[in-house]
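Let me begin by presenting the structure, written as structure tokens, before commenting on it.
What follows draws every value from the coordinates through simple rules; no lab data is involved. Note that the structure is predicted; figures quoted are calculated from it, not measured. Ideal geometry is used to build each Cβ from the backbone, glycine not excepted, and the neighbour counts take in all protein chains shown.
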Amino acid sequence: MPKLDPSALHLPARYRQILLALLRQHLPQAEVWAYGNRITDDYYEASDLDLVVRNPSDLSQASDGILDLQEALVESDIPILVQVVDWARLPGSFHAEIEIGYVVVLG
């Protein structure tokens, strides 16, 4: 699994700090990966941030707190759309696609 350097996440530091605070508040036990355009050179300023939440104690179990996190993200000062999905609810083919390249945001 190619885990990329955290600096590969194209998100300004002020928004990264807000994101980390919200993740720690709503998903303290979870592992959170960023994937998609914001970790490649194909991103642009308005690109969405794609996050996948993983339950490290059991990857087949859904993570609690995602709905609260999504609501907090909408209410936050982060000016881009942050899409959050649960690893346990994704098909294996999508797992493989995410594993091609990701950045660990929390975990």
Residue check for Asp77: in contact (Cβ under 8 Å) with a residue 40 or more places away in the chain and assigned to a loop (DSSP other than H, G, I, E, B) = yes
Please find, among Ala8, Ala46, Ala34, the residue that is touching a Ser or Thr at 6+ places or on another chain (Cβ under 9 Å) and among the small types (Gly, Ala, Ser).
-> Ala8
Can you tell me which residues in the stretch 28-38 are within 11 Å of the chain's Cα centre (by Cα) and either outside any helix (DSSP H, G or I) or β-branched (Val, Ile, Thr) (or both)?
-> Ala30, Glu31, Val32, Trp33, Ala34, Tyr35, Gly36
Within the stretch 43-63, can one find any residue that is part of a helix (DSSP H, G or I), under 13 Å from the mean Cα position of the chain (by Cα) and closer than 22 Å to Ala13 by Cβ?
-> no
In the stretch 19-57, which residues are surrounded by fewer than 18 Cβ atoms within 10 Å (Cβ to Cβ) and in contact with an Asp or Glu (Cβ under 9 Å, 6 or more places away or on another chain)?
-> Gln25, Gln29, Asn37, Pro56
Any residue in the stretch 1-22 that's assigned to a helix (DSSP H, G or I): show its pairings with residues that are not polar (S, T, N, Q) at Cβ separation under 6 Å, as long as the two are six or more apart or on different chains.
-> Pro6/Val103; Ala8/Ile39; Ala8/Val103; Tyr15/Ile78; Ile18/Ile78; Leu22/Ala72
Does the stretch 23-35 contain any residue that is free of Cβ contacts under 8 Å to residues at least 40 places away in the same chain and of a type in the set (Gly, Ala, Ser)?
-> no
